[in-house]
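Read the structure below first, then the notes.
The values are calculated or read from the model by the stated rules, or taken from the named source; none is laboratory data. Since the structure is predicted, the reported quantities are computational estimates derived from the model, not experimental observations. Note that we place each Cβ from the backbone using ideal geometry, even for glycine, and neighbour counts take in every protein chain shown.
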Amino acid sequence: MEPGKPLSKSIDATIPTAARMYDYYLGGKDNYASDRAACEQLDEVVPSTRALALNNRRFLQRVIGTLAQDYGIRQFLDHGSGLPTQNNVHQVAQAIDPNSRVVYVDNDPMVLVHGRALLEQNENTAVIHADMRDTDGIFSHADTKRLIDFSQPVAVLFNSVFHCTPDSDTDGPLAVARRVTERLVPGSYLVMCQLVSEDPEVREFVTNFMDQATQGHWGRVRQEKDVAVLFEGLDILDPGLVEVSTWRPDTEVAPRQLTQEWIEFGGVGRLP
């Protein structure tokens, strides 16, 4: 869907979505038979996907905790946030400072319904229905303007979403990341990771499978070098760009991604 075009507000249970498939892998209940069937078919070729989803969620929680606790970030803009689970961005950030403000962005109408129901009692958090490529619409949205002060540092999240975005000079991952970066003050952070594989057969299969399953609402599985380009011009926090289960693990026995058909790869960059 082109940014700026009206988003569908109806839920089609017959077409899988990345948000509901992710919910299924995390053990959630906000998914349909089509989503579960798609996951089962995907698992036949890339059986590490459930572990990958869980490790990615843990990565997100560690990143938010680190940015809030160690770097003093109190504003978060989460693109492609997905369906609410436990220990969401606002819960992690507000456990450190209840005044932390979070705006979630997603184009899945199911996310909007569930997210607003969950957050209606939380005045420092909002969910907006938008295409994550629509930077102008997101930054000018009333809830964004109410909660986010862009004259102060912000953490902008693109966590496990850029593989849903096709390549494009104007709306591909690099263009979106650059548009967002231009609007942020020094000291802001970008969190970016996506599915990658160095195996061309895996890249081709998963890209084609997800494109067909979601009826074109998909981009592609890329390579690590493609993700590295997104961080050019940013100061990358230690330990650099990595498979996300190895990004500042809580303990030495924290779960690691043991299989390598594909991985979530990325990290955190700071605007100098």
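Tabulated data for the structure shown
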{"read-out": "From Val202, Val176, residue being aliphatic (A, V, I, L, M) and modelled with pLDDT of 95 or more", "value": "Val176"}
{"read-out": "Scan of the stretch 65-79 for residues that are out of contact with any strand residue (DSSP E or B) (no Cβ under 6 Å at 6 or more places or on another chain) and closer than 12 Å to Arg248 by Cβ, ordered by number", "value": "Gly65, Thr66, Gln69, Asp70"}
{"read-out": "Those residues of the stretch 203-225 which are part of a helix (DSSP H, G or I), touching a helix residue (DSSP H, G or I) at 6+ places or on another chain (Cβ under 8 Å) and either of a type outside the set (Val, Ile, Thr) or more than 30 Å from Asn31 (Cα to Cα) (or both), in sequence order", "value": "Phe205, Phe209, Met210, Ala213"}
{"read-out": "Glu224 vs. criteria under 30 Å from Gln41 (Cβ atoms) and modelled with pLDDT of 95 or more", "value": "yes"}
{"read-out": "Selected residue (criterion: modelled with the lowest pLDDT) from residues of the stretch 54-99 that are among the small types (Gly, Ala, Ser) and buried (at least 20 other Cβ atoms within 10 Å of the Cβ)", "value": "Gly82"}
{"read-out": "Counted residues, the stretch 207-231 - those being surrounded by fewer than 20 Cβ atoms within 10 Å (Cβ to Cβ) and closer than 23 Å to Leu190 by Cβ", "value": "7"}
{"read-out": "Yes/no for Val63 being in contact (Cβ under 8 Å) with a residue 24 or more places away in the chain and under 20 Å from Val206 (Cα atoms)", "value": "no"}
{"read-out": "Output for the stretch 204-216, where each listed residue is in contact (Cβ under 8 Å) with a residue 24 or more places away in the chain and either closer than 23 Å to Leu54 by Cβ or of a type in the set (Ser, Thr, Tyr) (or both)", "value": "Phe205, Val206, Phe209, Met210, Ala213, Thr214"}
{"read-out": "Hits in the stretch 1-27 (condition: at pLDDT 80 or above and closer than 13 Å to Gly82 by Cα)", "value": "Thr17, Arg20, Met21, Asp23, Tyr24, Tyr25"}
{"read-out": "Asn55 vs. criteria polar (S, T, N, Q) and out of contact with any Phe, Trp or Tyr (no Cβ under 8 Å at 6 or more places or on another chain)", "value": "yes"}
{"read-out": "Hits in the stretch 154-175 (condition: touching a helix residue (DSSP H, G or I) at 6+ places or on another chain (Cβ under 7 Å), touching a residue at least 40 places away in the same chain (Cβ under 8 Å) and over 16 Å from Val103 (Cβ atoms))", "value": "Ser160, Phe162, Cys164, Thr165, Pro173, Leu174"}
{"read-out": "Residue under evaluation Met132, criteria (1) assigned to a loop (DSSP other than H, G, I, E, B); (2) over 12 Å from the mean Cα position of the chain (by Cα), criterion not met", "value": "(2)"}
{"read-out": "Members of the stretch 176-202 found to be part of a helix (DSSP H, G or I) and in contact (Cβ under 8 Å) with a residue 24 or more places away in the chain, listed by number", "value": "Val176, Ala177, Arg179, Val180, Thr181, Val202"}
{"read-out": "Flag if Leu42 is surrounded by 18 or more Cβ atoms within 10 Å (Cβ to Cβ) and over 16 Å from the mean Cα position of the chain (by Cα)", "value": "yes"}
{"read-out": "Output for the stretch 151-160, where each listed residue is assigned to a loop (DSSP other than H, G, I, E, B), out of contact with any Cys (no Cβ under 9 Å at 6 or more places or on another chain) and either of a type in the set (Asp, Glu) or within 29 Å of Gly219 (Cα to Cα) (or both)", "value": "Val154"}
